[in-house]
């Protein structure tokens, strides 16, 4: 999909008229109309404002790799189309499963060896592994 189509579709999805969009961007309705007709291209400063307003990336607005027939959803991001990793409930479930497994391994090791006092090392090891995983998740979420 081309930039003029994206701009028109996003504006309509957000329920804005050309005049209302122009007021939000502090420009004229004629300029917005020329962008949507393909007569001109918005300056980079307007691209940045539009990306923030519509909650999409500037790359999404500028790239023409969207297939015809696909719809544009507000908040859709070309760089991170799958936002599944950022779901707090999913992360909470993963943490719960992880710590349940660590506790189960601790109990099994303690019962099998009969050394309840020395099996606490498994908790330290489990915590260290968890911190490494959380660090990788944080690094990937800030890209």
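Every read-out reported here was derived from the displayed coordinates using simple, explicitly stated rules and does not represent laboratory data. Quantities reported herein were computed from a predicted structural model and do not represent experimental measurements. Please note: Cβ atoms are built from the backbone with ideal geometry, for glycine as well, and neighbour counts cover all protein chains shown.
The calculated pair-distance distribution of the range 83-141 uses every alpha carbon pair, bins of 10 angstrom beginning at 0, and gives 22, 43, 23, 11, 1 percent. The Cα atoms of the range 3-62 give a gyration tensor whose axes a ≥ b ≥ c have a/c under 1.5, which makes the shape rounded. The simple Förster model, with R0 at 30 Å and r as the Cβ-Cβ distance, assigns residue 39 and residue 13 a FRET efficiency of 0.85. The fewest-to-most ranking of 36, 20 by surrounding Cβ atoms within 10 Å reads 20, 36.
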